[in-house]
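Let me begin by presenting the structure, written as structure tokens, before commenting on it.
Each value in this text was obtained by applying a stated rule to the coordinates, not by laboratory testing. Everything numeric in this text was worked out from a predicted model, so none of it was measured. Neighbour counts run over all protein chains shown; Cβ positions are idealised from the backbone, glycine included.
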Amino acid sequence: DPAEDGGKPTVVELDAKPDTFVHEIEIGDMDGDGKLEFFATPSDRNKANTSQAGLIVMYKYDGTTYKRTTVDGGEHTHAKEILAADINGDGKSEFFSVLEAELSGKTIKKPVEVRQYIPKGDGTFEHQSVAKIKDRQTRFLVAADFDGDGFKELVAAAMKTGLYLIDGEASEDGKITWAEPVVFDRMSGGFEHAVLASDLDGDGKVELYVAADDQRELKRYDWDAEGKTFKRTKLGSLQELTFTWNIEVGKL
């Protein structure tokens with residue numbers, strides 16, 4: 001916790017457990033009360049070529065301590081990507097996970113699934129399936145208003161099957177109906193397949209930046225309003241046998 005008046009911050013350790021992997025942390029305001037919740041993805045130490053369960057949990061400060069709520073139990077697989085973002089502009093964060101495929105050896109029993117979690121009145125969560133992606137894993141999910149309609153679309157970057165655009169529509173009560181995912185570039189992939197949404201040129205329109213390690217390309221995608229899809233521009237080449245873990249922007 002941050003200290004007041006420049007003092008030393010206090011480190012609060014929550015749910016310490018040996019051999020635990022936490023792949024992702026997200027922060028958002030689910031109920032719009034101005035107080036942020038944070039989310040984590042604890043699982044047992046990961047093994048190659050096999051599926052294993054994991055949790056998605058939320059921590060909310062009640063004035064005294066951080067109260068933990070299980071968002072998803074993850075019976076057969078677990079999430080390595082989660083996202084908290086205000087999709088429809090109502091001041092409340094929507095929360096998503098990307099569950100890795102359920103595997104039997106190298107065979108996919110159940111594909112990657114993107115889920116949205118909706119808070120219930122009793123403090124628990126229910127979920128709806130946003131999209132299913134026929135791939136082993138999808139480790140990047142971003143939200144941005146690429147087409148300028150005031151609603152943020154989702155872009156999912158799968159390991160081998162490409163880049164997916166997932167659009168939706170919000171009703172008056174805030175419930176979102178999601179369309180089927182559309183692949184807008186099949187020739188893009190990578191173990192992480194890092195992506196970033198940002199308006200780098202300052203023209204008021206958000207671009208998508210992608211590191212496709214399989215194709216050894218760093219790319220930019222601009223929304224084409226007439227064609228209702230993205231136009232791709234190659235920005236540079238990546239070295240062979242490269243893992244690009246993330247993309248970030250900053251003013252140097």
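Applying the condition of being buried (at least 16 other Cβ atoms within 10 Å of the Cβ) and hydroxyl-bearing (Ser, Thr, Tyr) to segment 115-160 and asking which residue is farthest from ILE176 (Cα to Cα) yields THR138. Taken over segment 57-105, the criterion of being of a type in the set (A, V, I, L, M, F, W, C), more than 18 Å from GLU153 (Cβ to Cβ) and under 13 Å from the mean Cα position of the chain (by Cα) is satisfied by ALA79, LEU99.
Do you know which of the residues in segment 228-244 that are of a type outside the set (S, T, N, Q) and part of a strand (DSSP E or B) is surrounded by the most Cβ atoms within 10 Å (Cβ to Cβ)? Once the filter is applied, the top-ranked residue is PHE230. Among the residues of segment 132-153, which ones are part of a strand (DSSP E or B), under 21 Å from HIS78 (Cα atoms) and of a type in the set (D, E, K, R)? Those that are part of a strand (DSSP E or B), under 21 Å from HIS78 (Cα atoms) and of a type in the set (D, E, K, R): LYS132, ARG139.
In segment 200-215, the qualifying residues are those that are closer than 23 Å to GLU81 by Cβ and among the charged types (D, E, K, R), and the one that is surrounded by the fewest Cβ atoms within 10 Å (Cβ to Cβ) is ASP214.
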